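Worksheet: one structure, shown below.
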């Protein structure tokens, strides 16, 4: 019996997962977002993790700092925008909240360690998307997996590591084979399931509209779980539930109320 089959039989994660902490309601991938997502009752969160120049795993979706920080204000227009060329001490000085709204001005970037400790303290779960700066997949996968293994050592529920980057997932598997993995997809190549099985994944996570009954049947026959992103309307929810989806990543933490042990339903009002 493979590791994927064992973990799939004991799937510990809830149906609803908050995208980047709280979807669009707070600055993504910040502690403020996680706190807000928890306020809405979410018990699991998705986040993006990459490496600083000195190999500190921290949360950021983009390869550059341009969209979600004030790097030009702080360092000048000619500053290097690529996130991975800066040490964590420099990145920690950035404002990662003002771009969203004045209410979150001054909110800093977050390290994976800070998010992990917060999740563990509140008995919450995490889906860590390994999001390497281009060309650093192998290194990022290894370091993020090792950090996650250390932070969650001895915990009954481990974080789910996912990535679009095959090198990152393969490296994470080699470094920490016991950590559950999921293959992220934005299209369905003919070898999608073979790739997931080769990486000993427990799940496939793809764009919600890509799931159909044939894909779902093949996946379930292989013993893997199906997750979808980014699910933001009731019509999308119902279609996926009818297909047999196992998890949905949403921006609309204000619309969909997760309830343990019950079929999720739209938040009223």
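Just so it is clear, none of the values below were taken in a lab; they were calculated from the coordinates. Keep in mind that this is a model prediction, so the values were computed, not measured. All Cβ positions, even for glycine, are placed from backbone atoms using ideal geometry, and neighbour counts span all protein chains on display.
With each label modelled as a point 7 angstrom along the Cα→C-beta vector, the residue 214-residue 198 pair spans 2.1 nm. Helix 166-175 and the long axis of the chain differ in direction by around 90°, with both axes built from C-alpha atoms. Beta-bridge orientation, the chain: approximately 20 percent antiparallel, per DSSP, counting only bridges with both partners inside. Ordering 25, 169 by the number of other Cβ atoms within 10 Å of each residue's own Cβ, fewest first, gives 25, 169. Here the relative contact order of the stretch 81-140, from alpha carbon pairs under 8 Å that lie six or more residues apart, stands at 21 percent. Relative to the longest principal axis of the Cα atoms of the chain, the long axis of helix 112-121 makes an angle of roughly 60 degrees. Overall shape: oblate for the stretch 114-269, with the ratio a/c of the largest to smallest alpha carbon gyration tensor axis at 1.5 or above and b/c at least equal to a/b. Once C-alpha pairs closer than 8 Å and six or more residues apart are averaged by separation and normalised to the residue number of the chain, the relative contact order reads 20 percent.
Over the chain, dividing the summed -39,500 (n - 2.57) contributions of all DSSP H runs of at least 4 residues by the number of residues returns a 222 nm mean residue ellipticity of -9000 deg cm²/dmol. Compared with the dominant principal axis of the Cα atoms in the chain, helix 234-243 is inclined by about 40°.
Based on the reciprocal of the average 1/r between different C-alpha atoms, the Kirkwood radius for the chain equals 18.7 Å.
Cβ-to-Cβ counts within 10 Å put 55, 71 in ascending order as 55, 71, the fewest first. Based on Cα contacts under 8 Å between residues 6+ apart, the stretch 50-122 shows a relative contact order of 33 percent. Distance between the pseudo-spin-label points of residue 238 and residue 105 (7 Å out from Cα toward the beta carbon): 4.4 nm. Each 10 Å bin from 0 upward holds the following percent of the Cα-Cα pairs of the stretch 189-240: 24, 55, 19, 2.
Legend: ranking of residues 75, 211 from fewest to most surrounding C-beta atoms inside 10 Å; resulting order 75, 211.
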